[in-house]
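A.B. asks: This is the structure I have questions about; it appears just below.
Derivation of every value follows stated rules applied to the coordinates shown; laboratory data play no part. What you are looking at is a predicted structure, and each value in this text was computed from that prediction instead of being measured. Note: ideal-geometry Cβ built from the backbone for every residue, glycine included; neighbour counts use all protein chains shown.
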Amino acid sequence: MTLSGKAAIAGIGATEFSKDSGRSELRLAAECVSAAVRDAGLTPSDVDGLVTFTMDGNAEIAVARELGIPELSFFSRIHYGGGAAAATVQQAAMAVATGMADVVVAYRAFNERSGMRFGQVSSAAAHQVNTSGVDNSFHYPMGLATPAATVALVAQRYLHTYGATSEDFGRVAVVDRKHAATNPDAWFHGKPITLAEHQASRWVAEPLHLLDCCQESDGGVALVVTSAERARDLPNPPALITAAAQGSGPGQYIMTSYYRDDLAALPEMGVVGGQLWRQSGLARSDIDVAVLYDHFTPYVLMQLEELGFCGRGEAKDFVRDGALELDGALPLNPHGGQLGEAYIHGMNGIAEAVRQLRGTAVNQVGGAANVLVTAGTGVPTSGLILTAA
Amino acid sequence: MSTPIEEAARRIAAQGESRPRLARDPVNQAMINNWVEAMGDANPRYAPGEDTVAPPAMIQAWTMPGLHGQRAGDDPLGAMMSILDDAGYTSVVATNSEQNYHRYLRPGEHVSATNRLESVAGPKRTALGEGWFVTTRTTWYVGDEVVADMLFRVLKFRPGGGTTAAAEPAAVLRPVISKDTEFFWEGTRLGELRIQRWGDTLRHPPGPMPPDGDLDAKPGWVVARGTGTVYSYLVHHHPQVPGKRTPFVVALVELDEGVRVLGELLDASPDEVHIGLPVEAAFVRVDDELTLPAWKVRA
């Protein structure tokens with residue numbers, strides 16, 4: 001039994017990406033879900049399932065009420081922050097493939113810049129009365145209290161272990177910003193950066209410069225999942241869900257998996273990658289575009305290693321010769337990623353994968369047939385391989 | 001600019017001498033007999049008789065408050081101790097005592113004593129930890145006549161090696177503590193870095209289950225030696241973190257016992273920190289309930 005090829009993304013929708021949306025998160029959710037349903041050639045009454053993140057502030061029933069979705073037979077939430085992104089599509093696909101629902105919309109909408117900023121210290125995360133609060137008790141009170149800081153500790157060990165440099169991290173930011181510069185929907189449209197600018201940007205959490213850290217954004221993105229069969233009858237070319245996986249590794253924590261043997265690794269992404277290759281039957285060389293979650297640059301290098309695009313510690317060499325450019329061996333984040341386009345918790349990357357497969361992306365990679373997308377790193381995570389029908 | 005401790009010291013010193021505290025009993029032969037016996041002092045001047053006098057070194061004994069005695073409300077040493085306790089300098093050791101005897105005391109004389117705060121100096125780095133030297137002057141009287149005086153100095157210090165400044169109690173992010181982790185925080189309050197132990201296996205962070213899944217096993221803990229090396233670290237610059245001053249260093253330390261523990265590295269400049277740097281445990285007292293584990297560079 002396999003999920004591969006049973007379901008497809010048939011519609012995508014988004015709000016504009018900004019620093020201050022000027023409206024409620026529920027309004028953003030309603031707008032992006034509405035746009036995605038319209039893009040799929042469907043109406044709200046066709047929708048019978050909704051999936052989002054546990055972190056999302058918009059309950060499925062609130063979204064259903066606003067859009068006039070009459071009945072829901074499937075609704076689900078995925079935990080672990082940005083690690084949920086690809087898993088929302090996985091859950092939607094499983095619901096569709098098992099007949100639990102016909103049309104499931106995955107969505108994420110927030111005022112992450114004008115409202116609660118994830119880059120700040122969250123006392124709520126420190127004080128939650130559950131196992132994650134206890135986990136955080138060994139980190140937050142000691143001053144390790146922001147996402148950048150949690151990543152910096154791993155990045156320092158990675159630099160030490162493999163002899164990489166801050167410039168190697170910087171190359172990821174430069175390529176993302178280069179792609180964003182030619183994407184009119186990107187916040188950093190028309191604003192590429194140089195490696196020297198990356199190096200000159202202020203420290204946030206050493207060894208991370210400001211330009212190693214993704215931006216903070218307001219906005220929403222939604223994705224319509226239905227059966228591959230139904231998707232073929234809808235207006236847009238379907239993006240088939242060839243593989244979909246979640247992954248958690250040994251000794252797993254949320255951003256602070258500091259107690260397992262190898263600190264300079266992301267084994268949870270290895271768990272995801274192993275499933276993606278197995279489910280899809282594809283090789284690394286079959287991947288035409290990689291949309292890798294890029295909240296912090298070091299984790300892009302480590303993902304390349306975990307997914308097998310290069311050997312352990314070799315990402316610094318892999319990214320040095322233009323491999324991540326649009327005409328390179330593995331074009332990375334043609335929309336500009338979260339460093340360049342917007343930080344919508346990974347969901348905007350899935351929408352970009354669909355555009356690449358439709359052939360409608362602004363920075364189109366010619367003949368893109370298979371796109372790999374990953375979700376948030378440093379946390380239990382997820383991934384997808386989407387394929388042109 | 002002076003610190004709150006220095007301001008409190010000035011205020012208490014300005015109050016001058018406390019009210020005289022009258023000894024519980026007059027100078028008496030029974031107490032003298034007990035004292036010379038305990039000290040092994042066979043000087044015949046202290047034996048019962050017409051011209052007997054009290055040993056001068058007994059001076060403190062006459063005005064001791066007794067087993068259940070309490071300090072007077074205006075006692076300057078008590079007031080200063082309490083301020084230093086609240087600032088995290090909870091431990092005390094006496095360092096100097098210099099007594100001057102102006103004349104002998106005879107049975108029947110009733111002495112009283114006053115105290116005043118002479119000086120508070122600090123914070124000082126000492127082998128015991130960071131602390132303040134508190135100097136008081138006690139004066140003994142019979143009526144209005146001064147019969148003895150004493151300079152008394154204590155070091156009031158922060159145990160466990162000390163830190164440069166107390167964390168800001170209101171602001172610090174407090175840990176969520178479970179039944180599985182409360183022993184760790186009890187330990188830090190005592191200046192102990194406790195690591196959970198299941199048989200021969202150490203585990204950190206602690207949890208409710210042993211590595212082998214044996215439901216009958218019971219956890220214990222060891223007090224780590226506290227020495228280890230930096231396994232990885234970061235220098236935090238932005239944004240501000242409650243209870244910390246940026247930039248600050250957070251280090252993941254591999255203890256000599258083999259487990260990793262995270263804490264702030266207190267006294268290192270970011271430039272000198274590197275992976276492999278030898279460090280040792282330190283403890284940052286926030287308040288009565290919370291002491292945070294931390295690190296300092298090992299000399």
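A.B. asks: For A:S45, what is the net charge nearby, where nearby means another residue's Cβ is under 12 Å from its Cβ and Lys, Arg count +1, Asp, Glu -1? Numbers along the way, then the final one.
C.D. replies: Numbers: positive: none; negative: A:D46, A:D48, A:E71, A:D102.
Overall, the nearby charge balance is -4.
A.B. asks: Based on the Kirkwood radius over alpha-carbon pairs, what value in µm²/s does the Stokes-Einstein equation return for the translational diffusion coefficient of chain A at 37 °C and 0.692 mPa s?
C.D. replies: Values: Rh = 20.5 Å.
Rounded, D is 160 µm²/s.
A.B. asks: So for each of A:107-114, A:246-253 I average, over its residues, the number of other beta carbons within 10 Å; can you give me the resulting order with the highest mean first? Don't jump to the answer; show the numbers that get you there.
C.D. replies: Working: A:107-114: 24.8, A:246-253: 17.8.
The most tightly packed comes first, giving A:107-114, A:246-253.
A.B. asks: Here is a further query. What's the magnitude of the charge dipole for the protein assembly as shown around its Cα centre, counting Lys and Arg as +1 and Asp and Glu as -1 at the beta-carbon? Answer in Debye, nearest 20. Mind dumping the intermediate values first?
C.D. replies: Values: 56 positive and 79 negative charges, 83 e Å.
It works out to roughly 400 debye.
A.B. asks: A further question follows. With a Förster radius of 25 Å, plug the Cβ-Cβ distance of A:T43 and A:D286 into 1/(1 + (r/R0)^6) and report the FRET value to the nearest 0.05. It would help to have the intermediate numbers written out before the result.
C.D. replies: Details: r = 36 Å, r/R0 = 1.45.
Step by step, r from the Cβ atoms, then E = 0.10.
A.B. asks: Related question: If you bin every alpha carbon distance in region B:182-297 into 10 Å steps from zero, what whole percent lands in each bin?
C.D. replies: Percent of pairs per bin, in order: 14, 41, 32, 11, 2.
A.B. asks: Moving to a separate point now. Calculate the radius of gyration of the Cα atoms of the protein assembly as shown to one decimal place, then report Dmax, the largest Cα-Cα distance, as a whole number, both in Å.
C.D. replies: Spelled out, the Cα radius of gyration and Dmax of the protein assembly as shown are 34.1, 124 Å.
A.B. asks: When you look at the Cβ of every residue in B:237-246, what mean number of other chain Cβ atoms sits within 10 Å? Provide the component values of the computation, followed by the final result.
C.D. replies: Details: counts 11, 11, 10, 4, 9, 7, 4, 4, 1, 2.
Average per residue, whole number: 6.
A.B. asks: Of B:A54, B:L151, B:Y104, which is farthest on the positive side of the dipole of region B:4-157, counting Cα position, with +1 on Lys and Arg Cβ, -1 on Asp and Glu Cβ, and the Cα centre as origin?
C.D. replies: Highest projection toward the positive end goes to B:L151.
A.B. asks: Among the DSSP beta bridges whose two residues both lie in the protein assembly as shown, what percent are antiparallel, rounded to the nearest 5? Walk me through the numbers on the way to the answer.
C.D. replies: Details: 105 of 119 bridges.
Antiparallel bridges make up about 90 percent of those DSSP assigns within the protein assembly as shown.
A.B. asks: A:R320 to B:D288: FRET efficiency via 1/(1 + (r/R0)^6), r the Cβ-Cβ distance, R0 56 Å, to the nearest 0.05? Don't jump to the answer; show the numbers that get you there.
C.D. replies: Values: r = 55 Å, r/R0 = 0.99.
Efficiency for this residue pair is about 0.50.
A.B. asks: In percent, how large is the relative contact order of region B:30-141, given Cα pairs closer than 8 Å and 6 or more residues apart? Could you put the intermediate results ahead of the total?
C.D. replies: On the way: 99 pairs, mean separation 26.5, N = 112.
The normalised contact order for region B:30-141 reaches 24 percent.
A.B. asks: Work out the length of the dipole vector of region B:182-297 about its Cα centre, built from +1 on the beta-carbon of each Lys and Arg and -1 on the beta-carbon of each Asp and Glu, and round it to the nearest 20 debye. Intermediate results must be reported in sequence, preceding the final value.
C.D. replies: Values: 11 positive and 18 negative charges, 42 e Å.
With Lys and Arg at +1 and Asp and Glu at -1, about 200 debye.
A.B. asks: Moving on. When chain B is treated as a GNM, springs tying every alpha-carbon pair under 10 Å, which of B:A47, B:A87, B:A121 comes out with the largest mean-square fluctuation?
C.D. replies: Among B:A47, B:A87, B:A121, the largest mean-square fluctuation in the Gaussian network model of chain B belongs to B:A47.
A.B. asks: For region B:84-207, how big is Rg over Rh, using alpha carbon atoms and the Kirkwood form of Rh?
C.D. replies: Numbers: Rg = 22.5 Å, Rh = 18.4 Å.
Answer for region B:84-207: 1.22.
A.B. asks: With n ≥ 4 as the cut-off for DSSP H runs, can you work out [θ] at 222 nm for chain A, using -39500 (n - 2.57) per run divided by the number of residues, rounded to the nearest 500? Could the numbers behind the result be given before it?
C.D. replies: Details: 14 runs with 133 residues, N = 389.
Value at 222 nm, helices only: -10000 deg cm²/dmol.
A.B. asks: Compute the convex hull volume of the Cα atoms of chain B, divide it by the residue count, and report the result per residue in Å³ as a whole number.
C.D. replies: Working: hull volume 58.2 nm³, N = 299.
Given the Cα convex hull of chain B, per-residue volume reads 195 Å³.
A.B. asks: Quote the FRET efficiency, to the nearest 0.05, computed for B:R225 versus B:A42 with a Förster distance R0 of 30 Å and r equal to the Cβ-Cβ distance.
C.D. replies: The pair B:R225/B:A42 has a calculated efficiency of 0.05.
A.B. asks: To continue, here is another question. Report, largest value first, the span of the C-alpha coordinates of region B:40-118 along each principal axis, in whole Å.
C.D. replies: 53, 25, 24
A.B. asks: What does the C-alpha gyration tensor say about the overall shape of region A:166-284? Classify as rounded when a/c is under 1.5, otherwise prolate if a/b is larger than b/c, or oblate. Before the final figure, lay out each step's value.
C.D. replies: Working: a/c = 2.35, a/b = 1.23, b/c = 1.91.
Judged from the Cα gyration tensor, region A:166-284 comes out oblate (a/c at least 1.5, b/c at or above a/b).
A.B. asks: Plugging the Kirkwood radius over Cα pairs into Stokes-Einstein for region B:4-157, at a temperature of 4 °C and a viscosity of 1.567 mPa s, what D comes out in µm²/s? Can you show the working numbers first?
C.D. replies: Working: Rh = 16.9 Å.
Result for D is 77 µm²/s.
A.B. asks: As a footprinting exposure proxy, order A:M94, B:M58, A:M255, A:M1 by other Cβ within 10 Å, with the fewest listed first. List each step's numbers first, then the result.
C.D. replies: On the way: A:M94 21, B:M58 18, A:M255 24, A:M1 5.
Sorted ascending by nearby Cβ count, the order is A:M1, B:M58, A:M94, A:M255.
A.B. asks: Could you sort the peptides B:291-299, A:19-27, A:221-229 by per-residue average Cβ neighbour count (10 Å cutoff), highest mean leading?
C.D. replies: Values: B:291-299: 20.8, A:19-27: 15.7, A:221-229: 26.2.
Averaged packing, sorted descending, gives the order A:221-229, B:291-299, A:19-27.
A.B. asks: Which percentage, to the nearest 5, of the DSSP beta bridges contained in chain B is antiparallel? All intermediate terms of the calculation are to be shown ahead of the outcome.
C.D. replies: Values: 68 of 70 bridges.
Given both bridge residues lie in chain B, the antiparallel proportion sits at roughly 95 percent.
A.B. asks: Averaged across the residues of A:256-262, what count of C-beta atoms belonging to other chains lies within 10 Å of each residue's C-beta?
C.D. replies: 3
A.B. asks: Using a Gaussian network model of chain B with C-alpha springs under 10 Å, which one of B:Q196, B:Q29, B:Q70 is most mobile by mean-square fluctuation?
C.D. replies: Top of the fluctuation ranking is B:Q70.
A.B. asks: Dipole size in debye (nearest 20) for region B:90-152 around its Cα centre, Lys and Arg Cβ +1, Asp and Glu Cβ -1?
C.D. replies: Details: 6 positive and 7 negative charges, 38 e Å.
Roughly 180 debye for region B:90-152.
A.B. asks: Where Lys and Arg each count +1 and Asp and Glu each count -1, what net charge lies around A:T381 among other residues with Cβ under 11 Å from its Cβ?
C.D. replies: Working: positive: none; negative: A:E268, A:E306.
Overall, the nearby charge balance is -2.
A.B. asks: Next up: What does the average come to when, for each residue of peptide A:200-210, you count the partner chain Cβ atoms lying within 10 Å of its Cβ?
C.D. replies: On the way: counts 0, 0, 2, 8, 6, 8, 9, 3, 3, 1, 2.
That average works out to 4.
A.B. asks: Does a label point 7 Å from the Cα of B:A171, set along Cα-to-beta-carbon, have any residues of region A:130-159 with amide nitrogen under 15 Å, and which are they?
C.D. replies: Answer for this model: A:141-145.
A.B. asks: A further question on this structure: Just want to confirm a number: the relative contact order over chain B, from Cα pairs under 8 angstrom separated by 6+ residues, in percent. Mind dumping the intermediate values first?
C.D. replies: Numbers: 591 pairs, mean separation 43.3, N = 299.
Answer for chain B is 14 percent.
A.B. asks: Label 7 Å along Cα→Cβ of B:R71; region B:93-132 residues with amide nitrogen under 13 Å?
C.D. replies: Answer for region B:93-132: B:93, B:115-118.
A.B. asks: Can you tally the net charge around A:V300? Count Lys and Arg as +1, Asp and Glu as -1, for every other residue whose Cβ sits under 12 Å from the Cβ of A:V300.
C.D. replies: Numbers: positive: A:R171, A:K316; negative: A:D168, A:D176, A:D212, A:D294, A:E305, A:E306.
Spelling it out: positives minus negatives among the neighbours equals -4.
A.B. asks: How many Lys pairs in the protein assembly as shown lie less than 27 angstrom apart by Cα atoms, where the lysines are 8 or more positions apart or on different chains?
C.D. replies: 12
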